[in-house]
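Just below is one structure, and these are the notes that go with it.
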Amino acid sequence: MRAGRKEIQRERMWRYFVDATVDVIEKEGIENVTIRKVADLAGYTSSTVYNYFQELSHLVFFAAMRFTKNYIDDLPRYIDKGSNTIEKWLYTWECFCKHSFDKPEIYAVIFVNNLGSVPEDLLEHYYKTYRSDLIGLPEPIQSIILEHAFSRRSALYVQQAVDEGLIEGKDVAFISETTMLIWQGMLTTVLNQRRNVTTKEAARQTLDYVYESVMKVIPTDKRKEINVQFK
């Protein structure tokens with residue numbers, strides 16, 4: 001019983017520091033988060049924060065995840081627009097581009113930056129704590145959300161298109177990796193201000209490149225089955 005109380009207390013403190021980090025991000029931006037600011041806002045010492053988080057990047061990762069709820073809530077609606085796996089997958093990309101380029105710093109922390117740890121372990125910890133974020137989501141969508149690595153996430157989903165005859169098995173890994181690299185490259189370009197494009201333009205360009213890359217590996221006689229209308 002005592003061990004159970006300790007675990008509850010630890011989770012409560014963990015949430016408390018994550019919420020404080022979210023406050024710092026909202027007020028000052030994710031690039032200005034420090035352990036001292038989080039500790040001061042929470043009313044504890046910096047050393048206390050380190051009792052719950054190995055390093056700052058982990059704390060920022062967990063806080064950044066709180067800003068992805070709109071994406072998660074939107075995802076089922078986008079997937080429902082597709083009539084086959086490839087269409088559904090392309091619409092998930094539309095949803096992801098919309099939200100990730102709206103908050104590029106947030107999504108870079110989650111999917112690009114070095115976390116000094118295994119991202120899947122952090123993600124598992126996050127969703128164990130914030131279970132409510134997954135309530136109501138269909139099982140296939142939960143598997144997408146819970147897979148941190150973009151290429152594996154895509155491969156898991158696109159594999160179904162092989163059974164539908166829309167893509168060959170040998171192309172699954174290729175297209176999963178290629179589309180992920182397209183997104184990472186454009187996001188990094190936007191963050192480093194290497195091109196004079198708005199985030200909306202960057203999102204659309206990324207989506208266009210993803211679409212063209214996917215269509216190249218679909219057999220010519222099957223391409224007419226892919227009909228997507230991006231907004």
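Computed from label points 7 Å out along Cα-Cβ, the spacing between Arg77 and Asp19 is 2.8 nm. Using only Cα atoms and rounding to the nearest 10 degrees, what angle (0 to 90) does helix 199-216 make with the longest principal axis of the chain? In the chain, helix 199-216 runs at an angle near 50 degrees to the longest axis. Normalised by residue count, segment 173-215 yields a Cα convex hull volume of 51 Å³ per residue. Surface composition of the chain: carbon plus sulfur atoms hold 49% of the accessible area, using a 1.4 angstrom probe and ignoring ligands, DNA and RNA.
The slack between Glu201 and Lys224, meaning 0.36 nm per residue of separation minus the straight C-alpha distance, is 5.6 nm.
Ranked from largest to smallest solvent-accessible area, with a 1.4 Å probe on the protein heavy atoms, Lys170, Lys231 come out as Lys231, Lys170. Defining a contact as two alpha carbons under 8 Å apart and six or more residues distant in sequence, what relative contact order in percent does the chain show? Relative contact order comes out at 19 percent.
Under a model in which nothing but the beta-carbon of Lys, Arg (+1) and Asp, Glu (-1) is charged, the chain shows a dipole of about 460 debye around its Cα centre. The mean of 1/r over all pairs of different alpha-carbon atoms in segment 1-68, once inverted, gives a Kirkwood hydrodynamic radius of 12.1 Å. Taken over the alpha carbons of the chain as equal point scatterers, the Debye sum produces base-10 log I(q)/I(0) values at 0.14 Å⁻¹ of -0.93. Rounded to the nearest 500, the helix-only mean residue ellipticity at 222 nm of the chain stands at -21500 deg cm²/dmol, with each DSSP H run of n ≥ 4 adding -39,500 (n - 2.57).
What FRET efficiency comes out for Ser47 versus Tyr127 if R0 is 35 angstrom and r is the Cβ-Cβ distance? Round to the nearest 0.05.
The formula returns an efficiency of 0.80 here.
Using a probe of 1.4 angstrom and keeping all protein chains present, the accessible surface of the chain works out to 53 square angstrom per residue. Using the Cβ-Cβ distance between Asp208 and Ile8 with R0 set to 41 Å, the FRET efficiency from 1/(1 + (r/R0)^6) comes to roughly 0.25.
Modelling each spin label as a point 7 Å along the Cα-to-Cβ direction, I'd like the Asn32/Lys216 distance in nm, to one decimal. A separation of 4.2 nm, rounded to one decimal place.
For Lys231, the lysines whose Cα comes closer than 20 Å to its Cα, not counting residues fewer than 8 places off in the same chain, are Lys81, Lys88, Lys98, Lys103, Lys200. Any idea what angle helix 2-28 forms with the longest principal axis of the chain, computed on alpha-carbon atoms, 0 to 90 degrees, nearest 10? Between helix and principal axis, roughly 70 degrees.
The values are calculated or read from the model by the stated rules, or taken from the named source; none is laboratory data. Note that this is a predicted model, so its numbers are computed, not measured. With ideal geometry, Cβ positions are generated from the backbone for all residues, glycine too; neighbour counts draw on all protein chains shown. With ligands, DNA and RNA removed, areas are computed over all heavy atoms of the protein, side chains included. Shrake-Rupley method; radii C 1.70, N 1.55, O 1.52, S 1.80 Å.
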